[in-house]
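In what follows, a single structure is set out as structure tokens and then discussed.
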Amino acid sequence: MTPGPGQQNGTGQPSGGEPLLSVRGLTIDLPGGAVQPGLVEDVTFDVHRGRAVALIGESGCGKSLTSMAILGLLPAAVRVVAGSVLFDGVDLLTCTRRQLRRVRGGPVGMVFQEPMSSLDPTMTVGDQIAEVRRLHLGERRSVALKRAGELLERVGIPKADKRLRSYPHEMSGGMQQRVMIAAAIACEPKLLIADEPTTALDVTIQAEILELLRDLRRDLDLAVVLVTHDLGVVADFCDDVVVMYAGHIAERTPVDGLFYEPKHPYSSALLSAVPQSGRARTNLTVIKGRVPSAGHFPAGCRFEPRCEHSVDSFCGRPQADTALSDDHRTRCGRVAGGELILKGAVRG
Amino acid sequence: MSPRMIIRRLGGSLLVLWLVSILTFLLVQLIPGDPAEVIAGENATVAEVARIRTELGLDKPVLEQYFNWFTGVLHGDLGHSLSTNRSVVSTIAEAAPATLVITTMALLVAVVIGVSAGVAAGLTQGSWVDRAVSTLATLGIAMPSFWLAMVLVSLFALTNPWLPATGYVDIREGFGVWLSHVVLPATALGLATAAELARHTRGCVADVLTRPYVRTARARGASGAWLVRKHILRNSAIPVVTVLGLQAGRLFGGVIVVEAVFGISGLGSLAINSVLQRNYPMIQGYVLLSAVIVVLINLIVDLAYGWINPKVRTA
Ligand SMILES: Nc1ncnc2c1ncn2[C@@H]1O[C@H](COP(=O)(O)OP(=O)(O)OP(=O)(O)O)[C@@H](O)[C@H]1O
Ligand SMILES: [Mg+2]
């Protein structure tokens, strides 16, 4: 690996001052009292201005639920039952609908995984981008469309004037995702939430989209919450990382910490699941066993059944989220107690 | 929709109409035995049978018969009614307005009530509005239109003499009179379709609400009326329009019963009498007109579909 992970991102200052986004004790559940609480349980993390935070973990760990809960966009079947989401000092979970509406698409933009299904098939892409400005700035359609053209150019779509009148199905996946991004940044947000923005795209397009996000981050001083499966992206793009497992945060750390000194057996398993040759960009699928589905979580540490280092008597009990240093936390009691020392993927 | 597509659709419609014309023509040819005798009935004299045979041209070769008949059709000549000897076209033209008006108004009733109830229910799933719409819709679908017609007549024409119980008057005799004659039959005919549409629309709206693009729109700050108008209605309309086309064809069939209850002499009674009297030229005329109307409705639905759904428009 070339420069150490996390260091070339530049924009990220070490945590300090008020965080832009502060998620506290977020707990998401199926209503009707599931036997066991927590599709997502007690999720806590901060995003500081200009910093990029990765949410990683295998499929079904609750990354999407967490990111959607920030803007109150959870599917109807699930509900936030505890916690708060402070954005710029306002709790988005308890504020008025009006306040929430102002935040959505305004200071917080969001990009989803499937650009095709996430764009309205009956509306031109120009109108979909213009929509944001009409809603937030009250611009007239013609004015907003003009601005939409500039935004399309900004996200790297040539002949923007012509493209404004295209419908989503007339564009490639990469183009569609650029449109999604253009709409997400139309009101110059402070925070961009991107839920696997490149997973549905070809590898070369993935790199282009990430490059675009990197540029935008630099130009707009954008903070980013990036949901991803890709540790390579985490290393290249992010400052902090939140490792989720089965609805819990397993470990939370600056990116360097994850690669040099992982403090949770799940993190270290993820690291060793990535082939070491070069800049590996592989999906995280190689840990034995599967993520337990909601309702079948173990009573103690949720990773215990798959953990190489588990000790029945100890790990069968619930584990507390423990601070190891200012910015490094783990949910593994054995690591926190100094009993277990894990190897990093990168020698420091 | 591109001009090329419109032309293609029009071509398709014409082809269908031509095929229908062949089938209509064969209607008479396929009568077992001597069509002239069958049409004339059991007690007909030899002279009558001969008259019918020449009247229908049944003594000529089939292809020539078809050619003559089809040329007539193209010139708006469908022959003469066997019972009144009046021209088929003018007999139909006399009966058609009442039927077409009632069917169209029924469609209007169905769309206005059905779509708005369906949208309201779909947007408020689980609420009392939703439950009320679902219950009423089930009721509306279960109730036969003749019974509904009788209930409406007894409520609004007999118990409370607000509206006329029977008959149809032309709009030229005054808009108010005309409307008062149309309201009850159109409602009786349209409510079942309204119920069907309400159920379907509710389902479509409920489905659209779960779509990722609606979540995206919310993530952009859209909500309330804006969200409904810009994203939900148009997307829900795509499947609803398809059902609407099917329902319109059904209405045109159902109008026969409603005409009977309201004593309106429209196409329905004409069709029934023609069948009872084996008045084949009249039956042919009715079938052709029905085909033209159904094809026309389908064409309109196709065009509307293309207008609503950009994927079709550019395909
Ligand atoms: N609408 C829903 N109703 C019920 N359960 C849900 C719903 N959406 C998600 N879940 C459950 O919540 C858990 C977390 O889902 P989530 O989509 O957040 O996972 P994820 O980490 O984003 O996974 P992926 O990487 O596959 O996107 C899963 O077990 C899933 O089954
Ligand atoms: Mg997800």
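The values are calculated or read from the model by the stated rules, or taken from the named source; none is laboratory data. No experiment lies behind these values; they were computed from the predicted model shown. Virtual Cβ from ideal backbone geometry, glycine too; neighbours counted across all protein chains shown. When the accessible area is computed, the model is the full protein with side chains, heavy atoms only, and any ligands, DNA or RNA have been set aside. Shrake-Rupley method; radii C 1.70, N 1.55, O 1.52, S 1.80 Å.
Which residue pairs have Cβ atoms closer than 8 Å, lie 6 or more positions apart in sequence or on different chains, and pair a first residue in segment A:74-92 that is closer than 14 Å to A:ASP29 by Cα with a second residue that is open to solvent by 60 Å² or more (accessible area, probe 1.4 Å) and more than 16 Å from ligand 1 (Cβ to nearest atom)?
Partner pairs satisfying both residue conditions: A:GLY83/A:ARG24.
Where residues in segment B:213-224 are at pLDDT 95 or above and in a helix (DSSP H, G or I), which of them is most open to solvent (accessible area, probe 1.4 Å)?
If we take residues in segment B:213-224 being at pLDDT 95 or above and in a helix (DSSP H, G or I), then B:ARG218 is most open to solvent (accessible area, probe 1.4 Å).
Please enumerate the residues belonging to segment A:51-64 that are buried (at least 21 other Cβ atoms within 10 Å of the Cβ) and not charged (D, E, K, R).
Within segment A:51-64, A:ALA52, A:VAL53, A:ALA54, A:LEU55, A:ILE56, A:GLY57, A:CYS61, A:GLY62 qualify.
Need a quick list: strands (runs of 3 or more DSSP E) entirely within segment A:181-270 having at least 1 residues that are within 25 Å of A:SER22 (Cβ to Cβ) and more than 14 Å from chain B (Cβ to nearest Cβ).
A:223-227, A:240-245, A:248-254
In segment A:189-215, how many are touching a residue at least 60 places away in the same chain (Cβ under 8 Å) and away from ligand 1 (no atom under 16 Å from the Cβ)?
Matching residues across segment A:189-215 total 5.
How about segment A:128-161: which of its residues are within 14 Å of another protein chain (Cβ to nearest Cβ), open to solvent by 20 Å² or more (accessible area, probe 1.4 Å), free of Cβ contacts under 8 Å to residues at least 24 places away in the same chain and part of a helix (DSSP H, G or I)?
Those that are within 14 Å of another protein chain (Cβ to nearest Cβ), open to solvent by 20 Å² or more (accessible area, probe 1.4 Å), free of Cβ contacts under 8 Å to residues at least 24 places away in the same chain and part of a helix (DSSP H, G or I): A:ARG134, A:ARG141.
Take the residues of segment A:104-127 that are more than 8 Å from chain B (Cβ to nearest Cβ), in a helix (DSSP H, G or I) and closer than 26 Å to A:LYS63 by Cβ: which is most open to solvent (accessible area, probe 1.4 Å)?
The extreme case among them is A:MET116.
So A:ARG97 clears everything in (1) farther than 23 Å from A:GLU18 by Cα; (2) surrounded by fewer than 24 Cβ atoms within 10 Å (Cβ to Cβ); (3) away from ligand 2 (no atom under 16 Å from the Cβ); (4) more than 9 Å from chain B (Cβ to nearest Cβ) except one condition, right? Which one?
(4)
For (1) away from ligand 2 (no atom under 16 Å from the Cβ); (2) surrounded by fewer than 24 Cβ atoms within 10 Å (Cβ to Cβ); (3) at positive phi, each residue gets a yes or a no:
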{"residue": "A:GLU188", "(1), (2), (3)": "yes, yes, yes"}
{"residue": "A:ILE193", "(1), (2), (3)": "no, no, no"}
{"residue": "A:ASP202", "(1), (2), (3)": "yes, yes, no"}
{"residue": "A:ASP236", "(1), (2), (3)": "yes, yes, no"}
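For segment B:290-306, check the following and say yes or no: at least one residue is open to solvent by less than 40 Å² (accessible area, probe 1.4 Å) and either in a loop (DSSP other than H, G, I, E, B) or within 30 Å of A:ALA194 (Cβ to Cβ) (or both).
no
Which residue, of A:LEU30, A:LEU92, A:LEU73, is open to solvent by less than 40 Å² (accessible area, probe 1.4 Å), within 13 Å of ligand 1 (Cβ to nearest atom) and in the same structural domain as A:ARG214 (by TED's automatic domain parsing)? Please lay out each step first, then the result.
Numbers: A:LEU30 fails: open to solvent by less than 40 Å² (accessible area, probe 1.4 Å); A:LEU92 fails: within 13 Å of ligand 1 (Cβ to nearest atom).
The match here is A:LEU73.
Of all the residues that make up segment A:40-78, how many are within 14 Å of chain B (Cβ to nearest Cβ) and either over 17 Å from B:ARG218 (Cα atoms) or part of a loop (DSSP other than H, G, I, E, B) (or both)? Let's see the steps before the verdict.
Here is the first cut: in segment A:40-78, the ones within 14 Å of chain B (Cβ to nearest Cβ) are A:64-65, A:67-78.
Adding the requirement that they be either over 17 Å from B:ARG218 (Cα atoms) or part of a loop (DSSP other than H, G, I, E, B) (or both) leaves A:71-78.
Going through segment A:40-78 one residue at a time, the tally reaches 8.
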